[in-house]
Each structure stands twice: as structure tokens, then as C-alpha cells.
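The values are calculated or read from the model by the stated rules, or taken from the named source; none is laboratory data. Because the structure is a prediction, the values reported are computed rather than measured. Glycine also receives a Cβ, built like all others from the backbone with ideal geometry; neighbour counts cover every protein chain displayed.
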Amino acid sequence: MAKEKFYITTALPYVNDVPHLGHAYELIVADTIARHKRMKGHEVYFLTGTDEHGKKVELAALNKGIPVKEFVDSLVNKFIELWKRLNISYTDFIRTTEKRHIKGVETLFEKLVAKGDIYIGKYEGWYCTPCESFFPETQLGDNYLCPNCKRPVEKVCEESYFFAMSKYKDQWLNFVKQYPERLQPETRRNEMLKFVEKELRDLSISRSKNKLSWGIPIPKDTLEPRLRASNEYVFYVWFDALTNYISAIGYGYDEEKFRKWWPADLHLVGKDIFKFHTIIWFILLMAVELELPKLVFAHGWWTIRGEKMSKSKQLVVDPNQLINKYGVDSLRYFLLREIPLGEDGNFSEEALSIRLNSELANDLGNLLYRTLSMTEKYFNGSIPNKAQISTGLDEQLINQSLTLANEVIQLYDELKISQALERVWNLIRFGNKYIDESAPWTFYKTGNLKRCANILYNILETLRIIGILIYPAIPESANRIWYELGIDAKIENYTYPEILRWGIIKSGNTIRRGVPLFPRVGQK
Ligand code: MSP
């Protein structure tokens, strides 16, 4: 039977600077979902990349005095290096300066032209470069600041190519009313509905080359005379960037690949760019009669000391430094556990240290360490025989392991990653309680090795299951648990149904206790 496919994407960060914590968060969430889907047996295409055109990037290069292409080439490596350190298991990395992407953008434009949805008009309004966004005067308020980032906007008055977006208003409204579950969370969906009902306009999709040269040129030679603008134009950066979701998988050059993967199952984006994805992107797809994504999910934003991250205010944290100090999985765990997906969160090293010490070092680290130490001491490091007799407490542990496992999978499915981890920690705490209450040391002392073996087998098996359940979120530690349990295979070589059963760990295998999984850190 063919595997079910799952196509997941992240937003493409602008490469005007090095990656920050917000970018890392989005990639870690997407990676967790991708790993979970693979464990379910899906064939996964996980796409990320970089958004390299536009005014913002052009200005950043100009400020550094470096040619733009050279500037983006060097920054892209910073993203790729960080994703490697964070164990981001992407399938494909697309740069919007690549040929395949340019082909996709040109194809989309040609189709829109053929549909009669492109016209030349005059754009008069305001532009925010940090947001790469057009705003009508009515949205600016008295002080003429960008309604999104509150920074000054610039007046734009130029001839432009327009996409007749407003023509699709009713089609969009009907679609969203019919399939509300495709835009999540609900509060953001309602904002979009309000916006489209009241404020949807046609979209300017070009910038004149004398205002912006760093972009994909509009192929005007191939256009009918009516559409030959007087000036040279490049595509508006959002028209360019959104197209990555289809250009990466073959749109305009590899029909078979494209048919296989489209539509996307999940576009994971930050709340600030939900509008671009659910309105502009949806309508572009409607216009060219492509299927719409199954889900666009907006995650929240991380702040620092309650404020938006900002380099000028020194409110930034470098993910690389956090990895150096706390380790990859501590950072992954903290970001995933601290806030339910969709909500905002405040980042602090204090909060990270607290979770690291109590949940990773104490709860999980101790459970593993004490179990392995006892296995060494009582059974020379060899996994004891599977239980013959069992008590009520044993049965409770087995039942908890299996029922919690199902709940955790269900929660990952619903993108409730924080809640999934919370459940796993219930099992971990129950495991510690099981050891305390079963007190294997008393049986060892009195020579009842059968019962002692019984208890240790149960807890070693529970640890094997815990490894599987934390794998999507903290894969490196999960595999280290398996390794220390004496299992040679990697978790990702299996699917959940193959390994989420009770009684699989092999008696007689030798455990490999290492240094503590999560060393405690000093709290500030
Ligand atoms: N280039 C566009 C996206 C184009 S997608 C076709 C862009 N880039 S960005 O670099 O500004 O943001 C990339 C992603 O990072 C977005 O989803 C954004 O919401 C997310 N984040 C940026 N700062 C963030 C936080 N402080 N916290 C969480 N995520 C944040 O938008």
C-alpha cells in the first residue's frame, strides 16, 4: 500500500540578518511534527529555506557595503548551520534566488495573465519595508506608522502590475465558511474573515526597478502589448516568496513531482504573516485553480522581558549561544513545552533553567540513571527476565504506558505538542513513583531476585516507551535513552505501531550507562 503523504512547510526567513530564536522556534515545531508523521508511517516532505529578495534584504546588504548576492550567500549558511545543530530534519531547502523557484514564479504569473487577472494600474499608498507590506492610508492612524510593526512607512506612488484579488472575495468567503478548520487558530481565522469582508483590495504585485532592483524581473517580453508596462519591474517580494511552496516541488518544471505533493498538508507560519498565507496565497491558488492547503496554522511570538525581540534594544537571544550553554534538546524541549502552539510566550534563561533542572535532569534524567544503576548493581548490567508475576502497581504502570502513549500520539496529531509532553512527563513521574513504591532494593537484599527483576524489567520497558514518545520533540536524547538501554537500532528506523507495544525490550541485552543525560545548571 502506498504511504500516506504529508507535505509540511515553514515560512522562509528573510536573510537580512542571522537567524534568531523566533526562526528557531518555528523550525523546531515543524521538525517535531515532521518526525511524528514519519513515525506514523507517512512519507514526509518537509520544506524550509530562505526568502532572499526584496527591499529589506537589499538595504541590509547596502548597509554592509556587500553585493547583495554575496551578502545572502554568506547568511544562508548561518541558517543551514543552525538547522543542522538543532537537528532539523528537512527534506528540501529552497532559496528564492534559485532557478527552479524563478521558473515557478514566472509560471504562476503567466497563468494569472492567461486567466485575465493581471492588469496595469497606478499604486498609491504606503509601504513598510521591515514588513515588506503595502498599506492603504486608512490603516495608518494619525501618526502614519505601520499598523503591524509601528515603524515609519514610506509613500509609494507608481505604476504597478495588479492582481485582481478582490474578484475572488466571495469564493474565498465561501471556502473559509465551508472549511473553517483549514485556518487555525480560530481567533486568527475570525480576524481574516473580518478583513476580507471589509477591506479586501486588489494587490500590487510589482515594484519598479528604480525603487527596487533586487527581485525576480517580470518577464515583460512575453506579455501581450496591453501588459507591457512603461518601466522595468520586479515581482513584489511576497508574490515571489509565497510561490516557494509550489516551486520547490516542481511547479512549472516537474509535473509528476508537483502532482504527488500538492496540496500542502500544513503551512506553519507566525501569526504576523497568517494574512499573507490565508488570503493572498489562497486567492492566488484559487485563481490558477490549484487545490488549497489543508491547513495553515499560526504560531505565536516569543518576546523577551515581555517585549518584541529587537536588536537595537538589545532584546535578542542567539540560539547558538543557548545551544552551547544548555544543549540542543534542552532548548528544543523548553520552546516546545513552555507554550501551547498558537500562544505567545516570554523567553528567559531562568525559565529555561527551571524546566531543565526539574523536568529534564530530575524527572527524566534521574529515572534513567537510577534504573540503569540498579540494573548494573543487581544484574551486572544485563536486562533481567520479563515478569512472571505482577502486582496491581505493575499493571498500573503497564496500563499507564500504553494509554498515555495513545493520548500522546493523538495530541501530537492535533499539534498540541506542549500538552503531549506534559502527558509524557506524567508517565515519567509515575515511573519514579513506581520505583519508590516497589522498592526493588528490598527484594534484592532479601534475595528475592525474581521480584527485583520483575520491577526492573517493567521500568526499563517503560523507559523504552518514553524514548519513543519524546522522540519527535527531543530526538537526540530519545535515541540516547535507547542506546543506554542496550538497543542498537535508532527509533526513526521504526514506526509507532512496530514499537509501541509492551514487552519488546530484550532480556539479556547489556545496558550502557553514560554520564547523566541532562546535567543540572545553576539557576540565576
Ligand atoms: N520572509 C517572510 C516569510 C515568507 S514565507 C513565504 C518573513 N520572514 S521573517 O524572517 O520575518 O519571519 C519568518 C518566520 O519567523 C515567520 O513565521 C515569523 O512569524 C517568525 N518569527 C519571527 N519573529 C518571531 C518571534 N519573535 N517569535 C516567533 N516567531 C517569530 O516573514
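Summary table
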item	result
Test: Thr9 is within 10 Å of the ligand (Cβ to nearest atom), part of a strand (DSSP E or B), at pLDDT 95 or above and over 24 Å from Tyr233 (Cα atoms)	yes
Verdict on Ser438 being closer than 30 Å to Leu27 by Cβ and of a type in the set (Gly, Ala, Ser)	no
Inter-residue pairs, beta-carbon under 7 Å, first touching a residue at least 40 places away in the same chain (Cβ under 8 Å) and closer than 13 Å to Tyr245 by Cβ and in the stretch 255-275, second aromatic (Phe, Trp, Tyr) and part of a helix (DSSP H, G or I), 6+ apart	Ala264/Tyr245; His267/Tyr245
Index of the failed condition, Ile417 passing every other in (1) over 30 Å from Lys294 (Cβ atoms); (2) surrounded by 15 or more Cβ atoms within 10 Å (Cβ to Cβ)	(1)
Residue under evaluation Thr222, criteria (1) in contact with a helix residue (DSSP H, G or I) (Cβ under 8 Å, 6 or more places away or on another chain); (2) surrounded by 15 or more Cβ atoms within 10 Å (Cβ to Cβ), criterion not met	(2)
Residue that is within 14 Å of the ligand (Cβ to nearest atom), among the small types (Gly, Ala, Ser) and touching a residue at least 40 places away in the same chain (Cβ under 8 Å), where the choices are Gly327, Gly342	Gly342
Residue list for the stretch 248-268, filter: within 12 Å of the ligand (Cβ to nearest atom) and either of a type in the set (A, V, I, L, M, F, W, C) or surrounded by fewer than 22 Cβ atoms within 10 Å (Cβ to Cβ) (or both)	Ala248, Ala264, Leu268
Which numbered condition Glu289 fails, given (1) touching a residue at least 12 places away in the same chain (Cβ under 8 Å); (2) under 25 Å from Tyr251 (Cα atoms)	(1)
Residue within the stretch 115-126 that is surrounded by fewer than 18 Cβ atoms within 10 Å (Cβ to Cβ) and part of a helix (DSSP H, G or I) present	yes
Members of the stretch 269-299 that are crowded, with 17+ Cβ neighbours inside 10 Å, closer than 13 Å to Arg188 by Cβ and within 9 Å of the ligand (Cβ to nearest atom)	Val269, Gly270, Lys271, Ile273, Phe274, Phe276, His277, Ala298, His299
Lone unmet requirement of (1) without any contact (Cβ under 8 Å) to a residue 24 or more places away in the chain; (2) surrounded by 22 or more Cβ atoms within 10 Å (Cβ to Cβ); (3) not basic (Lys, Arg) for Ala241	(1)
The stretch 223-247 - residue that is more than 14 Å from the ligand (Cβ to nearest atom) and among the charged types (D, E, K, R) and, of those, nearest to the chain's Cα centre (by Cα)	Glu232
Failed item, numbered, when Arg189 is tested on (1) within 15 Å of the ligand (Cβ to nearest atom); (2) touching a strand residue (DSSP E or B) at 6+ places or on another chain (Cβ under 7 Å); (3) under 30 Å from Asp344 (Cβ atoms)	(1)
Pair list, Cβ < 7 Å and 6+ apart or interchain, from the stretch 111-133 residues that are touching a residue at least 12 places away in the same chain (Cβ under 8 Å) and closer than 18 Å to Lys56 by Cβ to residues that are within 16 Å of the ligand (Cβ to nearest atom) and charged (D, E, K, R)	Cys128/Arg151; Thr129/Lys55; Thr129/Lys56; Pro130/Lys56; Pro130/Arg151; Glu132/Lys55; Glu132/Lys56
Condition broken by Pro19, with the remaining ones in (1) near the ligand (Cβ under 9 Å from one of its atoms); (2) outside any loop (DSSP other than H, G, I, E, B) satisfied	(2)
Helices (runs of 4 or more DSSP H) completely within the stretch 223-335 that count 3 or more residues being modelled with pLDDT of 95 or more, touching a strand residue (DSSP E or B) at 6+ places or on another chain (Cβ under 9 Å) and farther than 29 Å from Ala478 by Cβ	237-242, 244-247, 282-287
Those residues of the stretch 31-50 which are part of a helix (DSSP H, G or I) and either of a type in the set (Val, Ile, Thr) or near the ligand (Cβ under 10 Å from one of its atoms) (or both), in sequence order	Thr32, Ile33
Flag for Gly503 being under 22 Å from Ala387 (Cα atoms), in a loop (DSSP other than H, G, I, E, B) and among the small types (Gly, Ala, Ser)	yes
Selection status of Glu159, at pLDDT below 95 and surrounded by fewer than 14 Cβ atoms within 10 Å (Cβ to Cβ)	no
Count - residues of the stretch 206-222 that are without any contact (Cβ under 8 Å) to a residue 24 or more places away in the chain, under 39 Å from the mean Cα position of the chain (by Cα) and part of a helix (DSSP H, G or I)	1
Given (1) closer than 22 Å to Leu285 by Cα; (2) among the β-branched types (Val, Ile, Thr); (3) out of contact with any Asp or Glu (no Cβ under 9 Å at 6 or more places or on another chain), number of the condition Ile80 does not satisfy	(1)
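Table: residues versus (1) closer than 21 Å to Glu132 by Cα; (2) surrounded by fewer than 24 Cβ atoms within 10 Å (Cβ to Cβ); (3) within 12 Å of the ligand (Cβ to nearest atom); (4) within 19 Å of the chain's Cα centre (by Cα).
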{"residue": "Met1", "(1), (2), (3), (4)": "no, yes, no, no"}
{"residue": "Val57", "(1), (2), (3), (4)": "yes, no, yes, no"}
{"residue": "Gly65", "(1), (2), (3), (4)": "no, yes, no, no"}
{"residue": "Val76", "(1), (2), (3), (4)": "yes, yes, no, yes"}
{"residue": "Thr97", "(1), (2), (3), (4)": "yes, yes, no, no"}
{"residue": "Glu106", "(1), (2), (3), (4)": "yes, yes, no, no"}
